Amino acid sequence: MRSKVVTREEALTKIKDGQTIMFGDWHGELSAEEIITGMLEKGIQNISAIAVSAGMPDQGVGRLIKEHRVKSIVTTHIGLNPVARDQMFAGELEVEFIPQGTFAERIRCGGAGLGGCLTPTGIGTDVEIGKQKLTINGKDYLLELPLYSDVALIKAWKADTAGNIAFRLTGRATNSYMAFAADIVIVEVEELVEVGELGPEEIDVAAPIIDMVYVRTGEKKPFCLMWQRAKAKAEGGKK
């Protein structure tokens, strides 16, 4: 069985200026940080990003936003990244806000090849501006179009050499459905195992969906830096 394990440089050959890229992190956490570092070093720019949030200035897609590499982002909020907020108000970053459930469903539709979904979420708010509204059985719905990307850049806990991947706890977050909604799926993982070492019940996304697996070479980061920071702040307050 062909190995899908690649170097970071090989993974970066699939990432180019002007692409639409999904970042499967969780508000900056659980992101493919080493590949993002490679994107910064390579000078990738004019990215149209799709991410659950704008990350933080020092994490996830937020690092690319900080360096003005992202021209637009489809997201649920940017509240954790003041740099993104400032760029939006300055007209330097185009932002489309989507309710979080709708965000997930639009990506799921993209991965499933559907034409969109109908939802009442956003009716009577700015969310409905410019969208088609339908009335079914007396109830109004918005037609939300699917989201799809050139590349999905996701982070997993483990992978085998064939490309089967497993997430840890909330690590699946947006990663699991973004993997189905891109032309090329690149996964950065903590651990690599041989085929057969991941049991069927452990595999969250099967190998046929994954194009490349990059094994993180640097020091492993805490599972959730946001939790680590909150814990440190709480402990500091007790002293």
Query raised in the report: In segment 1-95, what % of DSSP beta bridges are antiparallel (nearest 5)?
Result: 15
Query raised in the report: Counting other Cβ atoms within 10 Å of each Cβ, which GluC sites (Glu not before Pro) in segment 156-200 have at most 14 and sit in a DSSP loop?
Result: Glu194, Glu197
Query - Theoretical FRET efficiency, 1/(1+(r/R0)^6), r = Cβ-Cβ of Ile209 and Leu134, R0 35 Å, to 0.05 - result: 0.65
Report summary line: Full extension between Glu194 and Lys71 adds, at 0.36 nm per residue less the Cα distance, a length in nm of 40.3 nm
Requested in this report: Please label the shape of segment 1-43 as rounded, prolate or oblate, based on the square roots a ≥ b ≥ c of the eigenvalues of the alpha-carbon gyration tensor (a/c under 1.5 means rounded; beyond that, a/b larger than b/c means prolate, else oblate).
Outcome: oblate
Report summary line: One would report the antiparallel percent of DSSP beta bridges in the chain, rounded to the nearest 5, as 25
Report task. List the residues of segment 173-194 whose backbone N lies under 17 Å from a point placed 7 Å from the Cα of Glu202 along the Cα-to-Cβ direction. Result -> 189-194
Query - Inter-label distance for Asp183 and Glu94, nm, one decimal - labels placed 7 Å from Cα along Cα-to-Cβ - result: 1.8
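Where a number appears in this text, it was derived from the coordinates with a stated rule and is not lab data. Fair warning: this is a prediction, and the values are worked out from it, not measured in the lab. Neighbour counts run over all protein chains shown; Cβ positions are idealised from the backbone, glycine included.
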